[in-house]
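Everything below concerns the one structure shown next.
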Amino acid sequence: MKCDKCNNKAIEHIRYSGAHLCAEHFTEFLEERAKKEIRGIKGRAAVALSGGKDSTALLHFACDKIEEVIAITLNEGIKGYRDESIKIAADNCRALGIEHVIVDLKKEIGFSIDDIFSLYEKRGIKHAECSFCGVMRRYYINKVAKGMDVDYLLFAHNLDDMAQTALMNITHNDLARGLPPYSGRVFVKRIAPFKWIPEREVAIYCFVKGINCHIAECPYARVAERNRYRSAVNILEKGTPGARHGIVKSYDRISKLFCREGEIKRCRECGEPTSREICKRCEMANTLHDLKNSPDFSFSEEV
Ligand code: SF4
């Protein structure tokens, strides 16, 4: 099959638009959509980098289009997975000549994600590694970015991630939560340049550009609630090409009606911005210490 725009061989059929594109026009199509999301930004940008395909693709895109870029990585402490991806993330930063800050979760709160898994296992409590991981990542990446005078934080959420999160938030009746990257005046401004780009296209982009990235699944992903929503979104997209775009566009419009800026306080323990007395990161860290130290600790699943 030929490319719709030139005589070269097409490498991808874009089902939701019907287009057949060669490597060059595929790259152009992807970058044009991502560029719209970063239009007008000026200053220093930080990429939240894990070393996986999405964030590494974003790092290369950002370094090509934005003048001042740094990378921030949270090492959650997942043996055999994150150690390998951090090595690849560091290699990419070195090759691109950019500053790379790595935050170690165990040093920060005394627990890695592997420790949390063991602790829950010992106490026979329902696992929630991904909830901890997500809260800690948002907290530390924002904190480091603020400390480094970053103007924009770039997250690599793709269209599939966004559609899954939209369905999750609807299911939990939590429209006010918005889609990632969550907004807010006291946080460094967050942008998701790949929000309209399907996961498959990001993978092809990595291949076409020869980007060295970590391809492996986190061992905790198997139990993640998100898997159900991934399957649901895949079924919808297969039957109705363009369903992901429709879900995210509708969600964006609906959630705006519910997103109200609440009162922003400072966390009583760490001083970071929060809508509560104690921020979610401190509450979670306290729960873990209580759980570890008290054999009779009665645990509420609502961490
Ligand atoms: Fe963290 Fe869960 Fe993602 Fe693993 S799958 S990196 S535990 S959020």
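Could you tell me whether the stretch 220-228 includes any residue that is away from the ligand (no atom under 15 Å from the Cβ) and either in contact (Cβ under 8 Å) with a residue 40 or more places away in the chain or not hydroxyl-bearing (Ser, Thr, Tyr) (or both)?
Within the stretch 220-228 (the criterion being away from the ligand (no atom under 15 Å from the Cβ) and either in contact (Cβ under 8 Å) with a residue 40 or more places away in the chain or not hydroxyl-bearing (Ser, Thr, Tyr) (or both)), the answer is no, since none of the residues qualifies.
Which one of ILE109, ILE125, ILE113 is within 22 Å of ILE88 (Cβ to Cβ) and among the β-branched types (Val, Ile, Thr)?
Being within 22 Å of ILE88 (Cβ to Cβ) and among the β-branched types (Val, Ile, Thr) holds for just one of ILE109, ILE125, ILE113, which is ILE113.
Working only within the stretch 211-251, note down all residues that are open to solvent by 70 Å² or more (accessible area, probe 1.4 Å) and aliphatic (A, V, I, L, M).
Scanning the stretch 211-251 gives ILE215, VAL223, ILE235, LEU236.
Mind checking which residues of the stretch 27-78 are of a type in the set (D, E, K, R) and in a helix (DSSP H, G or I)?
GLU28, GLU31, GLU32, ARG33, LYS35, LYS36, GLU37, LYS53, ASP54, ASP64, LYS65
Are any residues in the stretch 34-63 under 20 Å from CYS213 (Cβ atoms), open to solvent by 10 Å² or more (accessible area, probe 1.4 Å), more than 16 Å from the ligand (Cβ to nearest atom) and out of contact with any strand residue (DSSP E or B) (no Cβ under 6 Å at 6 or more places or on another chain), and if so, which ones?
HIS60
For CYS93, only one of the following conditions fails: (1) under 20 Å from CYS206 (Cβ atoms); (2) within 16 Å of the ligand (Cβ to nearest atom). What is its number?
(2)
May I ask you to list the residues in the stretch 64-76 that are under 15 Å from GLU31 (Cβ atoms) and either within 16 Å of the ligand (Cβ to nearest atom) or open to solvent by 40 Å² or more (accessible area, probe 1.4 Å) (or both)?
Across the stretch 64-76, the qualifying residues are ASP64, LYS65.
The values are calculated or read from the model by the stated rules, or taken from the named source; none is laboratory data. The structure presented is a predicted model; accordingly, all values stated were derived computationally and were not measured. Cβ: placed from backbone, ideal geometry, glycine included. Neighbour counts: every protein chain shown. Side chains included, ligands, DNA and RNA excluded: accessible areas come from the protein's heavy atoms. Shrake-Rupley method; radii C 1.70, N 1.55, O 1.52, S 1.80 Å.
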